[in-house]
């Protein structure tokens with residue numbers, strides 16, 4: 001084997017390694033974005049459920065009896081007891097949702113910058 005074929009073979013192996021490294025990094029970004037999107041969907045659904053319950057309870061007198069699931073146990077409370085906790089939970093869900101959306105955007109921007117830096121173009125299969 002001549003030294004020129006040996007060096008071109010080494011360059012080929014290096015190119016394949018670089019290609020595999022790019023593919024792995026891209027896959028990691030896509031996986032992270034998918035996980036964040038799933039969490040965003042879950043939190044949005046929880047927030048919507050809280051909103052519906054709060055809307056349902058709005059016209060109900062504060063002293064009226066209601067039931068709430070706490071750690072898997074159904075407990076009897078009054079609407080006046082439950083409403084503030086639901087409002088607090090709804091606000092917390094909104095903050096979590098805002099944080100997840102910011103994180104998604106950050107990862108998306110990071111991936112876009114990485115793709116530009118490494119001249120990566122996604123090819124659909």
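We did not get these values from a lab; they are worked out from the coordinates using the rules stated. Note that this is a predicted model, so its numbers are computed, not measured. Here the Cβ is made from the backbone with ideal geometry for all residues, glycine too, and neighbour counts use every protein chain on show.
Details
- Helix 79-117 vs. the chain, principal-axis angle (Cα, 0 to 90°, nearest 10): 10
- Between residue 15 and residue 68, the C-beta separation translates, for a Förster distance of 41 Å, into a calculated FRET efficiency of about 0.10.
- R0 of 35 Å, Cβ-Cβ distance residue 96-residue 27: FRET efficiency to nearest 0.05: 0.85
- Peptides 22-34, 64-76 ranked from most to least packed by the mean count of surrounding Cβ atoms within 10 Å: 22-34, 64-76.
- The value given for the chain is a Kirkwood hydrodynamic radius of 19.1 Å, derived from the mean inverse Cα-Cα separation.
- Diffusion coefficient of region 44-88 by Stokes-Einstein, Kirkwood radius over Cα pairs, 4 °C, 1.567 mPa s: 119 µm²/s.
- With Cα atoms, 0 to 90° folded angle of helix 3-57 axis to the chain main axis: 10
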